[in-house]
Each structure stands twice: as C-alpha cells, then as structure tokens.
1. Between 377, 357, 336, which is open to solvent by less than 20 Å² (accessible area, probe 1.4 Å) and over 26 Å from residue 236 (Cβ atoms)?
2. Give me the helices (runs of 4 or more DSSP H) completely within region 1-89, filtered to those with at least 1 residues that are at pLDDT 75 or above and not charged (D, E, K, R), ordered by residue number.
3. May I ask you to list pairs of residues, at least six apart or on different chains, whose Cβ atoms are under 8 Å apart, with the first in region 149-177 being outside any helix (DSSP H, G or I) and the second being open to solvent by 30 Å² or more (accessible area, probe 1.4 Å) and of a type in the set (S, T, N, Q)?
4. Which members of region 385-415 meet the condition of being open to solvent by 10 Å² or more (accessible area, probe 1.4 Å) and over 15 Å from residue 98 (Cα atoms)?
Amino acid sequence: MLKQLLARKTDFSDANDESHGPSLRRTLGPWGITALGIGAVIGTGIFVVTGQAAADHAGPAVLISFILAAVCSGFTALCYAEFATLIPISGSSYSYAYATLGELVAWFIGWNMVLEYGISASAVAASWTGYFVSLLDHVGVHLPKALTEAPLAYTNGHLVATGHLLNLPAVAIVLALTWLCYVGIRESAGINLAMVALKVGLIIVVVVAGYRYVDPANWHPFIPAQQGPDKYGWAGIMRGAAMVFFAYIGFEATSTAAQECKNPQRDLPFGTLVSLVICTVLYLAMAAVLTGLISYTQLGTDEPVVTAIRAHPQLGWLRYVVEGGAMIGLSSVILVMIIAQPRIFMIMSRDGLLPKVFNRIHPRYRTPHLNTIITGVGIAILAAVFPLDLLANLTSMGTLIAFVAVCAGVLILRYTAPDLPRSFRVPGAWFVCSAGVLSCCALLYTMEWFNWLLMIGWTVIGLAIYFGYGMRHSRLRRGSALKSVNE
C-alpha cells in the first residue's frame, strides 16, 4: 500500500489521446491565457477584500500586505511556469504533485484545489451580491435581505444563524455563467476577454478620478499601533497579507487551460507571469487611492469602493461606474473558476481517482459538460448558504497548500529528472522554490484555529473518498498490477 501511495506518474501522454472521447478544442493564444489570468484575479480582492483588510488588520499599510502577498505569489508563479512547460496538461498543481510527490499527495492537492477554484467562486459570487444590491438600491429597487444574504454568518470564529433564507443573486449569476461554460471554451474565453478589458479600463478610471481627491493625512499613521493579536502593527500587516492573498488566487488558473492552448510551452509561462504583474500594479494603485480617499477605519463594508466614493459628492458619477465594473469584474472571476474546476476533475477522473462521469466531453461543444453542471450547482449551493469571509479564508488555505507542493515539486524534479527539456527554468531555483515554500507556510501560520478545524474536516472527507474509491480505481495502480502479472 505504501508503495502505491508514493507512486509517481511519469507518463502524461494519455491526457491528450482520444480514448477518453472527444478532445478539448485548442483555441487560446498567449493573450487569451493572460486574459484568463487577469479575469480570475481581478475581482473580490480589488473590490471587497482591499477595504476589509485595511479596516480590520493592516490600516494604510495594506499596501505592504499586497506587496508581501505578491512576492509569495511571484515565487509560485515562476514555479508554475516551469511546470507548465514540462507537463502541459489541464491538471495544474494536481498533475505536478503526481509527477513529483506521489499519488496520495496528488490527491490531497487535487482535493484542496476544490477549495481554490470551487469554493473561491462561491466566495466571489457572495461578494457579487453586495454590488448588485447596491446598484439596485441606487435605482430605487430594494430586494428583501432574506433573499440576498446567507443564512449563516461567521462571527468570532463561529458559525451562527442569521435568519435569512439564501443568497439568491449569487445563485443566479453562478448558474448563468455555468451555462456559458457548458457551451464552449471559445465563447467563454471571448466573453471573458471583453469583461477583462472593460473592468481594467474602469479600474483605471476610478484610480485616475479618485487620485485628485486623495488626502495624504489619511495615510498617517501608515502602520497604526497594534490593537490586538492580528489588528494593526506588523502582526496586522501579516494577517492582512494572508487575507489579501485571496486577491491573487487565479493567476495559476491559466495552467488548467493547458489542453486548450495552441502552444502551451510558450503561452502558459507568458500568461501566468504577465497577468500577475498587471494585477499587482492595479491592486497597489486601487489600495493607495481607497485608503487616501477616507480613513481606513471606514472601509470595512461589503462595498468599500462605493463607501469611499460616497464620502466625496464630486465623485457621485463614479458610483455607477464602480458598481457596474465590480459586477463585471466579479463575474469574470466566477467564469474562470467555473472553467478551471471541471478540468481538474476531468484529469483526476482520467487517472481513475474520480468516477468516469467527470471525464465525459460533449461531442459538439468539446467541454466537460456533465462535470461543469456538477461543479456549477455545487458552487451555487455554497454561495447561497455560506458567508464571504469564511469561504475566502478556506480558499486561501487550500491554495497555499497547493502552492507549497508546486514550489517543492520544481526543486525535487531538478534532482530526480535534471535532463528533462524545459523551455522555461526558474532562475535561482534553490532560493525561489525555498522562499516560495517558506512564504506560503508563513501565511498559513496566521490563519485562525476555526479555519484549521474546517481544513482538517475537509481533508478527512477527501481521504475517505480516496481510500474508498480513488485508490481502488487508480489507473496507475492497475497498470502496475498488470505489469507485475505479465512479469
């Protein structure tokens, strides 16, 4: 058993053959991949989490929090870029772990990627509702809270009932985008490209217009005195970095589209790194303007950008721009996550670790259609029931664990397979990979105990599925058993 748990997959040629049914359609170039990365990243972080991290943890020094999270993500992005040239298939960090750390760790990473993509889409959908409701209120349409807020809230480390029914707008946007992902990657990518161009343009408008009304006094003190274990001071900056790390989740989603790239060895490194750089610049600009428009203590709302604009009547016209831009931006994040998660499940199913239903490709649309429906419905249910902050923290934890595996995996392959052709190599691999692992672990250390309890429960469920189904149906195990019999 131990031998199978540690068995590594070295042949990924089966991922692109037709034995599983129709193949995915290769339609994405370098800028299409870059747009997927920006589409996945720019969303809740810039429109929601920025204000909450400033108000609750870091103050104006949330800019430092963003830089720390960007450095951590940068180390990991370099590692993803090298792996993408070695293993250009849609399994992302799951496949990378399978090649370096063995089947059990690969399953653990793949299971945590449900947190990274599936649950993060639920978190973004929950925040989408805040701007949707604000826009309707602005035009005189008022929806009952019972249909726009989750029935559960996360307060002082505990889940409590709110008395509300469900977050209906979040369910509606998830199901609408699930249908779009069902009908094809070309249609989804085209709409995502349009949404990315529009939301980046709107963010630039907000930054340029808002900068004229920035009061530098709001940036002082830049690092407020510590008021609690994770509020202000350097402790608050680190906790803020762990929180805004959620804002960077998505740049690696480009790797899940490997089998839909025209030239994955060239396009994936380009799209991953360029999208991360663009998003970091936009985040820093928006964070600087927000904390300069009003005091950081007032930004802890569901729509902090609108809150900052309300404080300046001269910027009243921007409210429509912000609300519309936020809804478009958040929609593109949900869209990319719904694209990414089914493709992870598809690769895991082809390896035998999940049932074959996750591997079926639509003969006309060339998408994992049943898988997409299952994923979309699951995301909608989570968005309807659970609050944003709990979902965001769980997403960050799952992603950080996957990032640790990717950074460690690059270093392992440098020694176990040094002669493999690499069109992109991580510069200074010893330093970059080690720094990536340590920085991810440092952010994990700041997570609250309740999140760790949920993470343990999630892991137990995943291990039960693996030992109950995945291990017995593993294609790698069946191949090894057949080889032993023939010998």
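The values are calculated or read from the model by the stated rules, or taken from the named source; none is laboratory data. Remember, predicted model here, so these are calculated numbers, not experimental data. Cβ sites come from the backbone with ideal geometry, for glycine too, and all protein chains shown count toward neighbours. Accessible surface areas use protein heavy atoms only, side chains included; no ligands, DNA or RNA. Shrake-Rupley method; radii C 1.70, N 1.55, O 1.52, S 1.80 Å.
1. On the way: 377 fails: open to solvent by less than 20 Å² (accessible area, probe 1.4 Å); 357 fails: open to solvent by less than 20 Å² (accessible area, probe 1.4 Å).
Exactly one residue qualifies, and that residue is 336.
2. Numbers: elements: 2-5, 30-41, 50-53, 62-86.
Here the list reads 30-41, 50-53, 62-86.
3. Filtered contacts from region 149-177: 149/162; 150/162; 151/162; 152/162; 153/162.
4. Within region 385-415, 385, 386, 387, 388, 389, 392, 393, 394, 414, 415 qualify.
Residue-by-condition table, conditions (1) outside any helix (DSSP H, G or I); (2) of a type in the set (Ser, Thr, Tyr); (3) touching a strand residue (DSSP E or B) at 6+ places or on another chain (Cβ under 8 Å); (4) at pLDDT 80 or above:
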residue	(1), (2), (3), (4)
226	yes, no, no, yes
247	no, no, no, no
270	no, no, no, yes
276	no, no, no, yes
290	no, no, no, yes
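This table checks each residue for (1) modelled with pLDDT of 90 or more; (2) under 16 Å from residue 124 (Cβ atoms).
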{"position": "152", "(1), (2)": "no, no"}
{"position": "167", "(1), (2)": "yes, yes"}
{"position": "173", "(1), (2)": "yes, yes"}
{"position": "194", "(1), (2)": "no, no"}
{"position": "201", "(1), (2)": "no, no"}
{"position": "214", "(1), (2)": "yes, no"}
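This table checks each residue for (1) out of contact with any Cys (no Cβ under 9 Å at 6 or more places or on another chain); (2) modelled with pLDDT of 85 or more.
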{"position": "332", "(1), (2)": "yes, no"}
{"position": "342", "(1), (2)": "no, yes"}
{"position": "362", "(1), (2)": "yes, no"}
{"position": "374", "(1), (2)": "yes, yes"}
{"position": "383", "(1), (2)": "yes, yes"}
{"position": "418", "(1), (2)": "yes, no"}
{"position": "423", "(1), (2)": "yes, no"}
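Here is a yes/no grid of residues against (1) at pLDDT 85 or above; (2) open to solvent by less than 50 Å² (accessible area, probe 1.4 Å):
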position	(1), (2)
160	no, no
164	yes, yes
186	no, no
190	no, yes
198	no, no
